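Every number here is computed from the coordinates shown, using simple stated rules; none is lab data. Note that the coordinates shown come from a computational prediction; the quantities given were computed from them, not determined experimentally. Because the Cβ atoms are built from the backbone with ideal geometry, glycine has one as well, and the counts that use them run over all protein chains shown.
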Amino acid sequence: MKVLVTDPIDDAGLARLRSAGLDVETDFDIDTAGVLEKIADVDAMLIRGTEITREVFENAPNLKIVSRAGIGVDNIDIPAATDHGVIVANAPRGNVYAAAEHTIGLAFNAAKQIPQAHMQVQAGGWDGASFDALELGDMTAGIVGLGRLGQEVAWRLDNLGMDLLAYDPYLGEARARQMGIELVELDELLERVDMLSVQARLTDETRGLIGPEEIDRFAGDLIVLTSRGGIVDEPALADAVESGEIAAAGVDVFSTEPPEDNPLLDVENVVVTPHLGAKTHNAQVNVAVTAADSIISALEGDLVQNA
Ligand code: MLT
């Protein structure tokens, strides 16, 4: 059986596939058009960022599973996969700690203006008075999306002493209460919190969820984005930080990656990183192995855990 791997993944995942006797082809420079040229005899795909369109499924008579070494599956046309009977699997747990830590790191870096201060000192400056840091401990944080990542972020913020609110239409009150989090509607959350942390998945429902009106309604100082771009309106956020209505933002994910002509890159108090959240060694091994195991299960006719 043939597995096509179209994005770099940790060797542990590739070794797992090969030791299961699978014929593994890697091509990391491939785009969707390139996938179309190769897909005819492929039984499984292991991907990260490659866009898997309906056309791919239409031209893949042998394809049984597309397995993503990561959480989000927004780059896979799920209805098309369903129409063609192809399993879509993800790696929902392996990089959650890494992404939660990166969220907290970005929150501190944006709040304390650490990258800006670092650059000032490296350039020979020494003017602490030019910075205006925020203190997280006294803040109320609002989390949009209390899935696995949102919950890990919440636990860490709680331990910093922050009060927590969340907006998640799919989570029950009882579970939120158990975590010491008050569930509220989005508008109320935006009006009551000092820090907004967006951990929702990108779906038709969340795309553009926090638009210019919501940015305007946000009464707090700090926004951190680490799940997916496209949920928060980037020009509106850039304007709000530029004008000082919002003191700072930390952004790891963008509507287009790498970002092109993105206004967030031009604002001093927006700290940006290149979708780094999951890129620890441990996380990369975890997600590669999980994604490979899903392929092995699917091709051996076993239950796929993360489908
Ligand atoms: C994920 O979806 O797991 C993260 O955004 C990291 C990634 O895209 O690899």
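At 0.890 mPa s and 25 °C, plugging the Kirkwood radius over alpha-carbon pairs of the range 96-272 into Stokes-Einstein gives what diffusion coefficient in µm²/s? Here the translational diffusion coefficient equals 151 µm²/s. Binning the alpha carbon pair distances of the chain at 20 angstrom intervals from zero yields the distribution 32, 52, 16, 0, expressed in whole percent. Each other residue within a Cβ distance under 12 Å of THR203 adds +1 if Lys or Arg and -1 if Asp or Glu, for a net charge of 0. Dividing the C-alpha radius of gyration of the range 83-122 by 2.2 N^0.38 Å, with N its residue count, gives 2.04.
By the compact-protein rule of thumb, 2.2 N^0.38 Å, the alpha-carbon radius of gyration of the range 35-178 corresponds to a ratio of 1.49. Checking every one of the chymotrypsin sites (Phe, Trp or Tyr not before Pro) in the range 63-150 against DSSP loop status and a limit of 15 other Cβ atoms within 10 Å picks out TRP126, PHE131.
In summary, the lysines within cross-link reach of LYS279, defined as a Cα separation below 25 angstrom excluding same-chain residues under 8 places away, comprise LYS112. Contact order for the range 65-203, expressed relative to its length and based on alpha carbon pairs under 8 Å spaced 6+ residues apart, stands at 23 percent. The average projected area of the range 193-261, computed from the convex hull of its Cα atoms over all directions, is 4.3 nm². Computed across the range 148-243, the Kirkwood hydrodynamic radius from all distinct Cα-Cα pairs reaches 13.8 Å. Listed by chain and number, the aspartates and glutamates whose alpha-carbon sits under 12 Å from that of LYS38, ignoring those within fewer than 8 places in the same chain, are GLU25, ASP27.
Counting charges near ILE181 (Lys, Arg +1; Asp, Glu -1) among other residues having Cβ under 12 Å from its Cβ returns a value of -3. Across all directions, the average projected area of the convex hull around the alpha carbons of the range 1-78 is 4.7 nm². What the phi angles of the range 44-50 give under the Karplus curve with 6.51, -1.76 and 1.60, with θ = phi - 60°, is a coupling list of 8, 10, 10, 9, 10, x, 4 Hz, glycine and proline written as x. Scalar couplings 3J(HN,Hα) for the range 260-270, obtained by applying the Karplus form with A = 6.51, B = -1.76, C = 1.60 to θ = phi - 60°, are 10, 6, 8, x, 5, 6, 9, 9, 4, 8, 9 Hz; x denotes Gly and Pro.
With contacts taken as Cα pairs under 8 Å and at least 6 residues apart, the range 185-227 reaches a relative contact order of 61 percent.
Backbone amide hydrogens, once placed in the peptide plane, bring ILE52 within less than 5 Å of ILE76, ASP77, excluding anything fewer than 5 places away on its chain.
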